[in-house]
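Novice: Dumping the structure here so I can ask a few things about it.
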Amino acid sequence: MDMSLRKNTPLSGPLAGITFGRSLAVPLAVVALGVLAPWLVSAYELNLLARFLAMALLAMGLVLVWGQGGVLSLGQGVFFGLGGYAIAMHMKLAALADGDLPDFMVWSGLDALPWWWVPFKSPLVAILGVVLVPGALAALFSWAVFRRRVGGVYFALITQALALAFATLLISQQPSTGGFNGLTDFQTVMGVDLGTPAAVHGLYWLTLALVVGVFVALRALMASRYGLLLRAIRDGENRIRFLGYDPTPFKVVAFTIGAVLAGLAGALFTLHAGVVSPALVGVVPSIEMVIWVAVGGRNSLAGAIAGTLAVNLAKDGVSSAFPDLWLYALGLVFVLVVTLLPGGLAGLVTDAGAAGWGKRLKTLIIGEAK
Amino acid sequence: ADTVKVGVLQSLTGTMAISEVTVKNAEILAIDEINASGGVLGKKVEAVVEDGGSDPAIFAQKATKLVQDGGVVTVFGGWTSASRKAMLPVFQKLKSLLWYPVQFEGNECSPNIMYSGAQPNQQILPALQWAVEKGYKSYFLIGSDYVFPRTANLILKKHIDADKLKVAGEEYVPLGGTDFSAVIAKVQAAKPDIIFSTLNGDSNVSFFKQMAAAGLPSAKLPVMSFSIGEQEAVAMGPSLVEGSYAAWNYFQSLDGAANKKFVAAYQAKFGAGAAVTDPMVHGYVDVYAWKAAVEKAGSFDPEKVRAAAVALDYLDTAMGKVKFAANQSLVQTGYIGQLDPTGQFKIIWQSKGTIDPDPYDPLVFPGKKCPAS
Amino acid sequence: MAEWPLIAGQIFNGFSVASLYVLAALGLALSFGLMRVINMAHGEMLMLGGYLAYLTLQVVPGPLGILVAMPVAFLGAAAVGAVLETTLIKRLSARPLDTLLATWGVSLILQQAARNIFGAIGVDVRAPQWLSHAYTVQSGLLEGLTIPATRLFILAVAFAVMGALSLLLARTRIGLLVRAVNQDRGMAAAAGINVRAVDLSVFCLGTGIAGLAGVVLALLGPVTPNVGQSYVVPAFLVVVLGGLGSLKGTAIASLIVGLFSALVQILVDVSLAQVLLLLFVIGFIQFRPQGVVAVRSRALDA
Amino acid sequence: MAEPLLTLTGAATSYGQSQVLWDIDLAVPAGGAVALIGRNGVGKTTLLKTIIGAQRLTAGRMTFQGCDVSALGPHQRARAGIGYVPQGRHIFPHLTVRENLETGLSALAGRGGGAMKAGVPDHIFDLFPKLAQIINRKGGVLSGGEQQQLAIGRALAGQPSLLLLDEPTEGIQPSVVQQIEDALRRIRADLGVTVLIVEQYLDFAWSFADSYRVMQRGRIIRAGSTREETAAEVAHLVNI
Amino acid sequence: MNAQAPASHIGTTAPASNLLLAVDGVTVDFDGFKALNGFSLTLDRGTLRVLIGPNGAGKSTLCDTIIGRVRATSGRVIFKGQDITHLPEHEIVRRGICRKFQTPGVLPGLSVLDNLMIAARRDRRWWSSFRHGVAAEEKARVADILETIGLADRAAAPAGQLAHGEKQWLEIGMVVATRADLLLLDEPTAGMGPAETSQTAALIRRLVGQHTVLVIDHDMSFLEQLDARVTVMHQGQFLKEGSVAAIRADADVAAVYLGRAKENTHHG
Ligand SMILES: Nc1ncnc2c1ncn2[C@@H]1O[C@H](COP(=O)(O)OP(=O)(O)OP(=O)(O)O)[C@@H](O)[C@H]1O
Ligand SMILES: Nc1ncnc2c1ncn2[C@@H]1O[C@H](COP(=O)(O)OP(=O)(O)OP(=O)(O)O)[C@@H](O)[C@H]1O
Ligand SMILES: NC(N)=O
Ligand SMILES: [Mg+2]
Ligand SMILES: [Mg+2]
């Protein structure tokens, strides 16, 4: 009895989700390709890949928050931005002689560094800030909302307002944030010249390593009891309460992890892109982040990575050649994925998913079959 | 090969597409014309068009793509200062050259950028000079909430103070903002003589409509705009903004054969009614200036082209006689126009001759310099 | 005191902004409260209303054009709503977060379509002569206070729509059927209610009202492909504050949001007012998490 | 005998991939009362859902009053005269008792305009006097027993010729069980309504229905008359 | 006046050693309607109590109040000598009360096994959820319960796919799995056949002693099998208390609850 119980249950170990053997060959090959990428693709393509991998960190966070926790966040851009600004502030300061101010402060009429900029002179504070600032804000915000048992669509809409408010705030506080322009023109980070190939490759590998590490860690987390409870809360939050669990901290933890990953993603993205600006944090970019995950599969970490790469590569390729078409395509992809393929690309991969897809396609063409 | 590639990098999607597509059109028009007349240094010019997506990070990404992977010798593009700021490090690092066509807030002087759009002292300050000459004493500053309006107003305030005139108020609304009820209430309370507006795009429509509804049409309370061109005026319905003022370095209604020829060529390609605006002309002029510089240098090398460009003599362009100064900004004339019912501007004032560009206003940024000569 | 006209003006502006939010949010509240559908393409229904007003005014210029435009926009937007509902929303029933995402895709497509059809830069809808004036207080404490006729008109439209809608829901069976379907679709069908017809009517009513709202918005601002976007986020906040799509809640929430924004703008600029509004909403749900109008239920997962 | 009011021939249905009903043949004579019995999970509820149209037939067909209704949706079947009282009190929680009853009137659509305007028929309050007392309370706050009476009342408001009842006395206080049983008898006698009832308690099934069907694992394994066999004789089929 | 135990017996300072739960003069007012009206009740450790009363008497509301889903307008709920009236739901549950709802409340998307595992977990604090191992004791108990409720072969099935009766069993299993000191079973046999009902009665009798159990049901034959003290409530108030036999014979109870048919063998 006990033996049969343990088979195929998520409770049987940290790596229960991963079936060893043949199926490990594929991920290993993918990672190996990733490691060798600097020699396989052009410098520009490597930079693209690096950015998109950074974004994939955020996407994996959304799998936890949205897929597993059922909490749709339309405000991930905020945390992405916080991480990006934290590292960017440091790089702005690091490039200055003592007592100098960043250029935009000067021409905004500021004559002293705002107090909250000062700690970011320290690289350690900046790195901690990348994870702690988004994490703390997310924890506080989500706790305030979840503890009052506001969730679902309401939460999604409030996070959307958060994205709007954050972007507006950044823009309107130009003297201390760089406003609409954001922060740009970075030379060095932690004393390393960002322009050298070694720095570029090193940052790329760091990003790749983080993607792999976060993938494994989240996988273990989703297989843990925490993951089970998170899914249980998604299913019936009140029921869980009457089994003696307080759903709030579980959701807050998921949301905070999602935010920390977004912050990390934002910081790495900023390093790769050389700029962080409000255009990355507002309502529209935040929704696009959800698209990556929807396309890839909201319950699949690998799907989230694939979705992020696929959507962004398509955007890079299609939007210049067919700018009008791109928006139609993006809209259409979203509609089709959500209606026909709720499991995303990942859902297509599994056999059941493929069968379901066929069926849904049939329903779409022939009509209702409920 | 007998072609040379240049990049055209504007937002084709997103909020800025509306403006930037027209600049792209003008740039492509110039490139086509150049090819039709034999190219540059015997080579056909091939335009590689990329979409900046109204996102500075994408501008940086695409600039890298163009220069590093695309093999372009120079890039024409950008509109928002945010996009320029994001591209600047890319051009510096890759030692390439960007031609930037839009009026901006100054405070920047990179050897890798050719700034053809107006510096503050070529657009904002001439407008103030005109207003002072007209006898306006009390100024209300309204802008969209981003860098250009805030910096422009910073400069204006210093100069208004220095002239012992009055700043009646200063208000910002978020980009794309549509509700001006509170701002208008504050205007009504402050009773200024004139409004200086750095509002961008759609917000202008809301602003003028709600001003008119509140009993303050332009006829009653004049408005000087720094971001309304012919295209915006037509779209807003010229009767709405009729009588209001704008300051630019080019108006479609300018005299001169070069302008007639440019407008005709543009309308032949993009429709008889197509409006032509200041940034479009700057984009168009940039391409010709690049050609002239390349030919003078006898090379496509960005460093040599830059050196040649600032050494060129006055070019006769649609916007009159212009040339690049030593600080890589354009020497040009400032005009004030008043909107007529057809959406065209009647030119009512112009600066005495051309104005040398000055990125750093001496009142606001004493000590910083990037001289024109 | 010189401040009085400004404060009184801002209170009036608060009501005026509230009337815009009511009109923008009512349709959302209907489809959300009654069908649990969050329609992210709602803003584009506003946009559609604006363009339809523009087209109507081309055909029927003159002072009454705007009055003709309102039914036209209502019906046009309702028709587009019908297409949206039958092709998309009905496939996603009971997946509210997914409808939210799918309709966002629709919103992208509609915006781009508007760009391709009408051009990116927008079109002009002008208030008729009879609305183009303002009432100004000539003397007394409030001397200088100006009340634009357009804003009074919009206020009147908002009241009329609210009134008509509450009458419709209270006096006809449709209100009852709609609530029944919302609470238990399967059972409603088994009780003889044509749930598809009910869904369709509610959704079309919601988008129709948005179309109507688009007409009056066009009197105050531009009609552009992305005009809807600037109203839709605050409209969502109104829905959140209002509590599960009750009409009364929507009205009160609009008023709260409108007055709050208008009054804080006496002290801060619009950007900061937007941020403070969000903080206010988060603060508000600490006290009334279910919104202004709460619905009680014994169901375990209500 | 006349043609049956309801027939199912070779009916089958499934939830997603898993089939739940196999090859069901069932005929319910007009004016009759048929009891459907069987252990938990054998598919009784599913069968009723299939009859009202909430579950689609994957095989076989169904006729009602001589017409093939296999392709009709639930609301059309309700309008044709099938009333449904589901298991587990599916009343509308945010509607008042009155409004809940009024939703039942929807089944009258297309059956003469007057009936719907006339409102909730009085005989419902005769059958369930409690409902009149709590007429303005929200369905969601009622006690279980109150909800069950409401659910039956709502089905009757549509004046069905066939009433499907899924364990109607589950969770009801004994005296009300009596009332419900009495009410059901009166519904049959006075209104001539045909009844198909799912019931786990054989005593009640036998005292109320004329015939029974035993279900096991998604099939009807036995049919018979409650007048000719005793409950004890079939009990072993239900209680294993 | 209806309090069957004087309120003075109940206090936070000196709990009677055997007293587990005391509901002390609780009133629940829903916009003027008093679902509970000064109701009091005490339960000793290890005992079984049956609560009956007409539909709408307030039985479920009592459970709701004890578990924190509905808040008392006045009065207190004392559990193990401590006032739990205003604790959050999960805190109340952690102190050792678990409740089965009248309509089954299982987690539909999770497997039967996971439903039970979540219920069986002793340490329900969020920070201890990050580990993977499951205590052998919990695993054994769940396996045991799966057998008892007859769902062993459906352990991997999503709970949402169970038939109504199976869900009832699962929920009973979940309640038992929590090992709460006090189990509140609101109509545990609704939807069960006679055979399952008997099994349930047997299960409950086995639970008594280790647990304190409060059973609400309308099935008199089931209550007879339980053979416990019966409390009757009516209109939110205490009506009677006594053995099953005494209650069946009581005229007041017959009038408000049982009705005329005392001979009825199934539900009443
Ligand atoms: N929504 C569903 N999805 C998948 N399977 C289901 C679903 N509902 C019921 N089932 C399965 O179908 C079978 C029959 O269920 P049904 O509810 O018809 O049984 P029942 O005879 O009414 O049982 P009970 O007496 O417990 O009410 C059961 O095995 C059940 O697990
Ligand atoms: N949230 C609420 N608001 C208003 N009235 C309520 C609420 N909850 C319960 N009631 C009312 O309180 C009374 C008691 O309900 P309760 O569910 O406790 O009865 P019960 O004894 O459990 O009945 P049953 O045996 O039918 O389950 C009922 O009349 C019900 O309508
Ligand atoms: N440079 C500007 N106008 O942003
Ligand atoms: Mg059943
Ligand atoms: Mg109850």
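Novice: Condition check: within 23 Å of residue C:14 (Cβ to Cβ) and in contact (Cβ under 8 Å) with a residue 40 or more places away in the chain. Does residue B:187 satisfy that? Don't jump to the end; show me each part of the working.
Specialist: Values: within 23 Å of residue C:14 (Cβ to Cβ): yes; in contact (Cβ under 8 Å) with a residue 40 or more places away in the chain: yes.
Yes; evaluated as a whole, the condition is true for this residue.
Novice: Suppose we filter region B:306-347 for residues that are assigned to a helix (DSSP H, G or I) and polar (S, T, N, Q); how many remain?
Specialist: 0
Novice: Within region E:21-53, can you find the residues that are in contact (Cβ under 8 Å) with a residue 40 or more places away in the chain and outside any strand (DSSP E or B)?
Specialist: E:45, E:46, E:47, E:53
Novice: Another question, then. Here are some conditions: (1) in a helix (DSSP H, G or I); (2) over 18 Å from the mean Cα position of the chain (by Cα); (3) over 26 Å from residue C:195 (Cα atoms). Residue C:91 meets all but one. Which one does it not meet?
Specialist: Every listed condition holds for residue C:91 apart from (3).
Novice: Can you name the number of the only condition in (1) under 12 Å from residue E:177 (Cα atoms); (2) open to solvent by less than 50 Å² (accessible area, probe 1.4 Å) that residue E:89 fails?
Specialist: (1)
Novice: Okay, moving on. Between B:124, B:142, B:155, which is assigned to a strand (DSSP E or B) and either open to solvent by less than 30 Å² (accessible area, probe 1.4 Å) or within 22 Å of residue B:191 (Cα to Cα) (or both)?
Specialist: Exactly one of B:124, B:142, B:155 is assigned to a strand (DSSP E or B) and either open to solvent by less than 30 Å² (accessible area, probe 1.4 Å) or within 22 Å of residue B:191 (Cα to Cα) (or both), namely B:142.
Novice: Can you tell me which residue in region E:57-83 is least open to solvent (accessible area, probe 1.4 Å), limited to those that are free of Cβ contacts under 8 Å to residues at least 40 places away in the same chain and within 13 Å of ligand 5 (Cβ to nearest atom)?
Specialist: Residue satisfying both the conditions and the ranking: E:64.
Novice: Among the residues in region B:120-135, are any closer than 27 Å to residue A:48 by Cα, charged (D, E, K, R) and away from ligand 3 (no atom under 16 Å from the Cβ)? Spell out how you get there, then give the answer.
Specialist: To start, the set of residues in region B:120-135 that are closer than 27 Å to residue A:48 by Cα comprises none.
Checked region B:120-135: no residue is closer than 27 Å to residue A:48 by Cα, charged (D, E, K, R) and away from ligand 3 (no atom under 16 Å from the Cβ).
Novice: Additional query: Go through region E:117-145 and give me each residue that's facing another protein chain (nearest Cβ under 8 Å) and buried (at least 17 other Cβ atoms within 10 Å of the Cβ).
Specialist: The answer is E:117, E:118, E:119, E:121, E:124, E:126, E:129, E:132, E:134, E:139, E:142, E:143.
Novice: Could you give every pair whose Cβ atoms fall below 9 Å, whose first residue belongs to region D:61-88 and is closer than 30 Å to residue D:143 by Cβ, and whose second residue is within 16 Å of ligand 3 (Cβ to nearest atom), counting only separations of at least 6 or pairs across chains?
Specialist: Taking only residues 6 or more apart or on different chains, not a single pair turns up.
Novice: Residues being touching a residue at least 60 places away in the same chain (Cβ under 8 Å) and assigned to a helix (DSSP H, G or I): count how many of those fall in region E:92-116.
Specialist: 2
Novice: Let me ask something else about it. Just to verify a result, which residue in region A:225-252, among those that are of a type in the set (A, V, I, L, M) and in contact (Cβ under 8 Å) with a residue 40 or more places away in the chain, is nearest to the other protein chains (Cβ to nearest Cβ)?
Specialist: Looking at the filtered set, the residue picked out is A:228.
Novice: Give D:104, D:145, D:153 a once-over and let me know the one that is assigned to a helix (DSSP H, G or I), open to solvent by less than 40 Å² (accessible area, probe 1.4 Å) and either farther than 28 Å from residue E:221 by Cα or in contact with a strand residue (DSSP E or B) (Cβ under 8 Å, 6 or more places away or on another chain) (or both).
Specialist: D:104
Novice: When you go through B:42, B:52, B:71, B:77 one by one, which is the residue that is out of contact with any Ser or Thr (no Cβ under 7 Å at 6 or more places or on another chain) and either of a type in the set (A, V, I, L, M) or open to solvent by less than 20 Å² (accessible area, probe 1.4 Å) (or both)?
Specialist: Every option except B:77 fails the conditions.
Novice: Looking at (1) touching an Asp or Glu at 6+ places or on another chain (Cβ under 7 Å); (2) farther than 25 Å from residue C:119 by Cβ; (3) surrounded by fewer than 24 Cβ atoms within 10 Å (Cβ to Cβ), can you tell me which one residue B:14 breaks?
Specialist: (2)
Novice: On to the next question. Restricting attention to region E:182-190, does a residue exist that is away from ligand 1 (no atom under 12 Å from the Cβ), assigned to a loop (DSSP other than H, G, I, E, B), open to solvent by less than 10 Å² (accessible area, probe 1.4 Å) and within 14 Å of chain D (Cβ to nearest Cβ)?
Specialist: Yes: region E:182-190 contains one or more residues that are away from ligand 1 (no atom under 12 Å from the Cβ), assigned to a loop (DSSP other than H, G, I, E, B), open to solvent by less than 10 Å² (accessible area, probe 1.4 Å) and within 14 Å of chain D (Cβ to nearest Cβ).
Novice: Also, I was wondering about something else. Hey, among A:129, A:151, which residue is touching a residue at least 24 places away in the same chain (Cβ under 8 Å), open to solvent by less than 10 Å² (accessible area, probe 1.4 Å) and more than 8 Å from chain C (Cβ to nearest Cβ)? Can you show your working first?
Specialist: Details: A:151 fails: open to solvent by less than 10 Å² (accessible area, probe 1.4 Å).
Among A:129, A:151, only A:129 is touching a residue at least 24 places away in the same chain (Cβ under 8 Å), open to solvent by less than 10 Å² (accessible area, probe 1.4 Å) and more than 8 Å from chain C (Cβ to nearest Cβ).
To keep it simple, each residue is scored yes or no on (1) more than 30 Å from residue C:3 (Cα to Cα); (2) touching a residue at least 12 places away in the same chain (Cβ under 8 Å); (3) within 11 Å of another protein chain (Cβ to nearest Cβ).
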{"position": "C:108", "(1), (2), (3)": "yes, no, yes"}
{"position": "C:111", "(1), (2), (3)": "yes, yes, yes"}
{"position": "C:125", "(1), (2), (3)": "yes, yes, yes"}
{"position": "C:131", "(1), (2), (3)": "no, yes, yes"}
{"position": "C:145", "(1), (2), (3)": "no, yes, yes"}
{"position": "C:153", "(1), (2), (3)": "no, yes, yes"}
{"position": "C:170", "(1), (2), (3)": "yes, no, no"}
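Novice: Considering only residues that are at the interface with another protein chain (Cβ under 7 Å from one of its Cβ atoms) and either within 16 Å of ligand 5 (Cβ to nearest atom) or modelled with pLDDT under 90 (or both), which ones fall in region D:143-166?
Specialist: To start, the set of residues in region D:143-166 that are at the interface with another protein chain (Cβ under 7 Å from one of its Cβ atoms) comprises D:143-146, D:154, D:158.
Within region D:143-166, D:143, D:144, D:145, D:146 qualify.
Novice: State yes or no: is residue C:117 open to solvent by 20 Å² or more (accessible area, probe 1.4 Å), more than 7 Å from every other protein chain (Cβ to nearest Cβ) and not in a strand (DSSP E or B)?
Specialist: Taking the combined requirement at face value, the residue satisfies it.
Novice: Please verify whether residue A:84 is within 14 Å of chain B (Cβ to nearest Cβ), of a type outside the set (Val, Ile, Thr) and over 11 Å from the mean Cα position of the chain (by Cα), treating the condition exactly as stated. Spell out the reasoning first.
Specialist: Details: within 14 Å of chain B (Cβ to nearest Cβ): yes; of a type outside the set (Val, Ile, Thr): yes; over 11 Å from the mean Cα position of the chain (by Cα): yes.
Answer is yes for this residue.
Novice: Do you know which residues across region E:65-83 are touching a strand residue (DSSP E or B) at 6+ places or on another chain (Cβ under 8 Å) and within 13 Å of chain A (Cβ to nearest Cβ)?
Specialist: Within region E:65-83, E:66, E:67, E:70 qualify.
The values are calculated or read from the model by the stated rules, or taken from the named source; none is laboratory data. All values reported here derive from a predicted model rather than from experimental measurement. Cβ sites come from the backbone with ideal geometry, for glycine too, and all protein chains shown count toward neighbours. Just so you know, the surface numbers come from the protein's heavy atoms only, side chains and all, with ligands and any DNA or RNA stripped out. Shrake-Rupley method; radii C 1.70, N 1.55, O 1.52, S 1.80 Å.
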